[in-house]
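Each remark here refers to the structure printed beneath this line.
Just so it is clear, none of the values below were taken in a lab; they were calculated from the coordinates. Keep in mind the model is a prediction, meaning the values are calculated, not measured. We place every Cβ from the backbone using ideal geometry, glycine too, and count neighbours over all the protein chains shown.
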Amino acid sequence: MDEAVRVYTDGGSVPNPGRGAWAALLIGGGVARYLSGYDPDTTNNKMELSAAINALRAFKRGTRVEMHTDSMYVKDGIEKWIKAWKKNNWLSKKKEPIKNQDLWLALDQEIAAHDVKWGWVRAHAHDRYNNFVDWLVQEAINSRQGVDKKQSVDDLERYIDTLKFRIGR
């Protein structure tokens with residue numbers, strides 16, 4: 001496989017549950033692609049999972065991916081909890097059905113096609129790309145529609161610079 005593609009994801013809803021969106025930024029080979037989607041009735045956790053799923057679906061073939069998320073729910077779920085859920089027929093330790101099972105199954109299926117390394121980034125901190133995907137989520141919620149745009153990394157950097165007054169919340 002080629003050089004790893006860096007991926008940043010975020011999701012949210014306002015209120016929770018409520019109107020929500022997910023966003024992903026893919027950076028590799030000098031190219032950046034950012035995409036987002038809107039859901040009129042969802043939860044934060046569903047949108048966080050949807051961001052990771054849709055990011056991986058954006059690849060046409062198996063890819064090495066450095067996945068950056070600010071969701072410990074997603075990171076711990078896929079790295080720690082999913083094995084036990086599968087073993088226990090998708091029941092929790094309390095023998096209750098796992099929430100968002102359909103999305104966990106979809107994420108697990110997407111991961112199987114790629115070489116994914118997971119990383120966590122603190123939300124609303126000083127990570128430029130995490131702040132950008134957070135901004136994309138808010139834009140999708142406000143506009144009630146997603147985006148899908150591809151451009152050079154240099155153009156992306158210039159675009160983010162124009163948003164600095166909005167991103168640095």
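Some observations on this one:
- Choice from Gly12, Gly62, Gly30 with maximal GNM fluctuation in the chain (Cα, 10 Å cutoff): Gly30
- Fluctuation leader among Ala51, Ala113, Ala24 - the chain, Gaussian network, Cα springs under 10 angstrom: Ala113
- Dipole size of the chain about its Cα centre, with +1 on Lys/Arg Cβ and -1 on Asp/Glu Cβ: approximately 460 debye, rounded to the nearest 20.
- Whole-angstrom gap from segment 30-63 to segment 93-113, using each part's C-alpha centre: 16 Å
- The mean sequence distance of close C-alpha pairs (under 8 Å, at least 6 residues apart), as a share of the length of segment 12-169, puts its relative contact order at 34 percent.
- When both bridge partners sit in the chain, DSSP labels roughly 70% of those beta bridges antiparallel.
- Given Lys60/Lys87; Lys75/Lys95; Lys83/Lys149, the pairs whose alpha carbons are separated by over 24 Å: Lys60/Lys87; Lys83/Lys149
- Highest-fluctuation residue, Arg19, Arg61, Arg122 considered, GNM on the chain with Cα pairs under 10 Å: Arg61
- Cβ-based exposure ranking for Glu66, Glu3, in which fewest neighbours within 10 Å come first: Glu3, Glu66
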